[in-house]
Amino acid sequence: MDGNGRWAAARGLQRTQGHRRGAESVKTAAECAVRLGVRYLTLFGFSSENWGRPDREISDLMGLLRYYLRSELGFLQEHGIRLQVIGDRGKLAPDIVKAIEKVEQETAGNGRLVLTMALSYGARAEICDAARRLAEEAAAGRLDPARIDEKLFARYLYTWDVPDPDLVIRTSGEQRISNFLLWQVAYSELMFIETYWPDFSRQDFEQAITEFSRRERRYGSVSA
């Protein structure tokens, strides 16, 4: 979800207002996913590198996160959305972690959409964490290293219970992955659009799905 700051700057607004508008686009995307029958939606909300932003901006972002975790439980329940968060929770404030756990628990039974929010997340750190835990299991004698293959490795990732993405959409015209689900997107279709995230609309979502449906996915093989 890229372009909140540039959206605000283009309108002479503070970056926080761009982030606030971007949070509304999260609801738009989730509603569209439910309506179109998409079962899994993962949104990159705050990266491990974003901790390097100015303290004021981080404080504003964390304030928005607190607000939406408190205020949008009804929205999630109404639409049958299960929320789960991936990333390094150790860097988040304790009250935010507690709020995340509460929403995760209260939406755990919802089955229309699994909405995964990547917060304080970095794919390289995720892969290192998986490798570290596998090494610990092997060192303790609980795992034969010869058993480690791609399927087993994937079980140690944060997304162990979520299918790999079929489609990755990046807004604002940037054309790179930026440390997002590096293992999981190995065969994902990539789509880069010019729209800033605060302007991401139902039409943008539908157009992306339509474009995806036209693509042929061969997974390294040949056409049928």
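For the reader, a short list of remarks on this structure follows.
- Test: residue in the stretch 183-194 that is surrounded by 14 or more Cβ atoms within 10 Å (Cβ to Cβ), touching a residue at least 24 places away in the same chain (Cβ under 8 Å), closer than 22 Å to GLU206 by Cβ and within 13 Å of the chain's Cα centre (by Cα): no
- Subset of the stretch 69-81 [surrounded by fewer than 19 Cβ atoms within 10 Å (Cβ to Cβ), at negative phi and not in a helix (DSSP H, G or I)]: GLU72, HIS79
- Output for the stretch 175-224, where each listed residue is of a type in the set (Phe, Trp, Tyr) and more than 24 Å from LYS151 (Cβ to Cβ): PHE192, TYR196, TRP197, PHE200, PHE205, PHE212
- Breaking point among (1) over 25 Å from TYR158 (Cα atoms); (2) in a helix (DSSP H, G or I); (3) free of Cβ contacts under 8 Å to residues at least 12 places away in the same chain; (4) not β-branched (Val, Ile, Thr), for LYS98: (1)
- LEU65 in contact (Cβ under 8 Å) with a residue 12 or more places away in the chain, not in a helix (DSSP H, G or I) and not polar (S, T, N, Q): no
- Qualifying residue in the stretch 214-223 (condition: in a loop (DSSP other than H, G, I, E, B), surrounded by 13 or more Cβ atoms within 10 Å (Cβ to Cβ) and not basic (Lys, Arg)): no
Bear in mind that the values in this text are calculations on the coordinates, not laboratory data. Here the structure is a predicted model, which means the values were calculated and not measured. For neighbour counting, all protein chains shown are included, and Cβ atoms are generated from backbone atoms with ideal geometry for every residue, glycine included.
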